[in-house]
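Q: Can you read through this structure? Questions will come right after.
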Amino acid sequence: MAKYLRCREICRKGAIVIRLFVSVVIGLVAGMMGGLVGLGGGVFMVPLMSELLKVRQHEAHGTSLFAIVFTGTVGAIAYGLQKSVDIVAAILLAATAVLTARWGAKFTAVLPEWKLKRFFGAFLIFVASLMLLKPYLPTFHLGTSLWGKVISLLVTGAFTGFLSGMMGVGGGLIMVPVMVLLIGSSQHTAQGTSLLVMVPTGIVGAWTHWKLGHIVLHIVPGLIFGTLVGTSLGAELAHSLPENQLRLVFVVFIAAMSIRYLTSRPLEKNSPKV
């Protein structure tokens, strides 16, 4: 009996170490890709946590958003050192995003597992399509209209905040194109600014998910460590890697995940939890 209990304890500790290692790898991949393309990495963390760690969908969204706070912080600092952050635009975006992030997080609580999976799968298709078509989208700068730019940023912030809280993502997918196509920001400045906005937005959304019980605490340290290292590397590499090749890899991965989410059976109530 003692030998059985000892073996069981060794297996339990081994499983914990493996999960911690996997969470570090997930954070590293998500952080690096997020830093490279100016996203928080949630579009990578959520499906990877669901697939590799078997985290339930609601918990994957909440845990991802928690880690994104750290991704945004490190990424914004790295871009800031390159003079690629627009503080005024960040304030305007965050002003409305922090209000709607809480609503988005609460909305997930009323959705069953299968519906949240379908929503996320559809969202990933939108992400892949927008990234693929990005080079061909026309630019519609708002010229010198100050109020036009302010309203665009406030509306974008409100939509991004809700999306961030609901999907467990940073929202850079929405903020970056708006800043580049409508406001006239450079690509690097738009990416750095979006990472900065993810910090207050992520805090509000993550706090709401925390109260709803949607955060898996024991994998958070690994995710945070991985995202801190990965985001810093990604932000540095963003200024040197070919954007077209990076975009293609991004689109292929996201498209594959979206198909899996839309075609796979949702987890049942008795599915394993981490």
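Q: What are the pairs with Cβ atoms under 7 angstrom where one residue, in region 209-221, is in contact (Cβ under 8 Å) with a residue 40 or more places away in the chain and over 17 Å from Ser164 (Cα atoms) and the other, located anywhere, is assigned to a helix (DSSP H, G or I) and among the hydroxyl-bearing types (Ser, Thr, Tyr)? Sequence gap at least six, or different chains.
A: Val216/Thr63; Ile219/Ser23; Ile219/Thr63; Val220/Thr63
Q: Give just the number: which of (1) at pLDDT 75 or above; (2) more than 30 Å from Ser186 (Cα to Cα) does Ala256 not satisfy?
A: Ala256 satisfies all of (1) at pLDDT 75 or above; (2) more than 30 Å from Ser186 (Cα to Cα) except (2).
Q: Suppose we keep only residues that are among the hydrophobic types (A, V, I, L, M, F, W, C) and under 10 Å from the mean Cα position of the chain (by Cα) within region 57-76. Which one would you say is farthest from Ser258 (Cα to Cα)?
A: Taking the candidates together, the pick is Val69.
Q: Related question: Out of (1) in contact with a Gly (Cβ under 9 Å, 6 or more places away or on another chain); (2) at pLDDT 80 or above, what's the single condition that is false for Ser232?
A: Tallying (1) in contact with a Gly (Cβ under 9 Å, 6 or more places away or on another chain); (2) at pLDDT 80 or above, Ser232 fails exactly one: (2).
Q: Pairs needed: first member in region 161-186, without any contact (Cβ under 8 Å) to a residue 24 or more places away in the chain; second member anywhere, part of a helix (DSSP H, G or I); C-beta distance under 7 Å; at least 6 residues apart or different chains.
A: Ile174/Thr156; Ile174/Phe159; Ile174/Thr160; Ile174/Leu163
Q: What's the number of the only condition in (1) more than 24 Å from Leu181 (Cα to Cα); (2) among the hydrophobic types (A, V, I, L, M, F, W, C); (3) outside any helix (DSSP H, G or I) that Leu116 fails to meet?
A: Just one mismatch for Leu116, condition (3).
Q: Has region 231-248 got at least one residue that is small (Gly, Ala, Ser), crowded, with 24+ Cβ neighbours inside 10 Å, within 17 Å of the chain's Cα centre (by Cα) and within 22 Å of Leu53 (Cα to Cα)?
A: Taking every residue of region 231-248 in turn, none turns out to be small (Gly, Ala, Ser), crowded, with 24+ Cβ neighbours inside 10 Å, within 17 Å of the chain's Cα centre (by Cα) and within 22 Å of Leu53 (Cα to Cα).
Q: Please give the number of the condition Tyr79 fails out of (1) over 15 Å from the mean Cα position of the chain (by Cα); (2) buried (at least 19 other Cβ atoms within 10 Å of the Cβ); (3) within 22 Å of Leu146 (Cβ to Cβ).
A: All conditions pass for Tyr79, except number (3).
Q: Return the only residue of Leu163, Leu196 being aliphatic (A, V, I, L, M), crowded, with 21+ Cβ neighbours inside 10 Å, under 25 Å from His61 (Cβ atoms) and at pLDDT 90 or above.
A: Leu196 is the lone residue from the list that is aliphatic (A, V, I, L, M), crowded, with 21+ Cβ neighbours inside 10 Å, under 25 Å from His61 (Cβ atoms) and at pLDDT 90 or above.
Q: Can you report the number of residues in region 199-212 which are under 16 Å from Leu154 (Cβ atoms) and either more than 16 Å from the chain's Cα centre (by Cα) or at pLDDT below 90 (or both)?
A: Counting residues in region 199-212 that are under 16 Å from Leu154 (Cβ atoms) and either more than 16 Å from the chain's Cα centre (by Cα) or at pLDDT below 90 (or both) gives 0.
Q: Here are Val29, Val46: which of them is in contact with a Gly (Cβ under 7 Å, 6 or more places away or on another chain) and either more than 24 Å from Thr189 (Cα to Cα) or without any contact (Cβ under 8 Å) to a residue 60 or more places away in the chain (or both)?
A: Residue meeting the stated conditions: Val46.
The values are calculated or read from the model by the stated rules, or taken from the named source; none is laboratory data. This is a predicted model, so every value here is computed, not measured. Positions of Cβ are backbone-derived with ideal geometry, glycine not excepted, and every protein chain shown enters the neighbour counts.
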